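One structure is given below, encoded as structure tokens.
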Amino acid sequence: MIGLDDDPEIVGNIREETKTEVLEYLIKSERVIAGGPLHLPTEFKDDPSSIPVGDLILFNAKDRDHAIQFAEEMPSSLKGLYKELRVHFYNSLDVTGKFVSEDPMRDAPGYQ
């Protein structure tokens with residue numbers, strides 16, 4: 001899931017106000033692989049001008065509808081933080097060769 005924040009003048013403090021709710025939602029779901037805010041690029045990590053401008057969350061879902069529902073029901077989504085909210089299928093790239101699939105398309109969710 002990639003959520004890009006709406007204009008700061010429109011969303012105000014929604015990100016800060018929903019921070020705890022979002023963390024609780026993600027933890028209780030037991031579906032999150034990794035996630036966090038996307039920041040403006042700056043030279044130093046602690047630069048105060050590197051404000052969050054969206055979120056990137058990798059999570060498990062049964063199918064596309066389930067993934068969309070999960071993203072739309074996040075507290076930050078419900079409160080209108082995102083100008084753009086996208087859900088994409090993610091297939092991790094195994095560069096080690098340990099988990100090679102004979103047919104990656106067959107093993108993708110929703111193949112049939």
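The values are calculated or read from the model by the stated rules, or taken from the named source; none is laboratory data. All values reported here derive from a predicted model rather than from experimental measurement. Positions of Cβ are generated from backbone atoms using ideal geometry, with glycine treated the same way; all protein chains shown enter the neighbour counts. With ligands, DNA and RNA removed, areas are computed over all heavy atoms of the protein, side chains included. Shrake-Rupley method; radii C 1.70, N 1.55, O 1.52, S 1.80 Å.
What distance in nm separates the two pseudo spin-label positions at His66 and Ala34, each 7 Å out from Cα along the beta-carbon direction?
2.2 nm
Describe numerically, in nm with one decimal, the distance between label points set 7 Å from Cα along Cα→Cβ at Asp6 and at Val53.
About 1.9 nm separates the two model spin labels.
Heavy atoms only, probe 1.4 angstrom, no DNA, RNA or ligands counted: give me Ser92, Ser29 ranked by accessible area, highest first.
Heavy-atom accessible area, descending, gives Ser92, Ser29.
Quick one: order Leu81, Leu38 from most to least accessible surface, probe 1.4 Å.
Descending order: Leu38, Leu81.
So if we plug the beta-carbon distance of Leu23 and His88 into 1/(1 + (r/R0)^6) with R0 = 35 Å, what FRET efficiency do we get, rounded to 0.05?
Computed FRET efficiency for Leu23 and His88 comes out at 0.95.
Just to make sure I understand: if all protein chains stay in place, what is the order of Ile57, Ile10, Ile51 by accessible area at 1.4 Å, largest first?
Sorted by accessible area, descending: Ile10, Ile51, Ile57.
How much space per residue, in cubic angstrom, does the convex hull of the C-alpha atoms of the stretch 7-69 take up?
Taking only Cα atoms, the stretch 7-69 has a hull volume of 121 Å³ per residue.
Taking the Cβ of Pro8 as the centre, find all other residues whose Cβ is under 12 Å away and add up their charges (Lys, Arg: +1; Asp, Glu: -1).
-3
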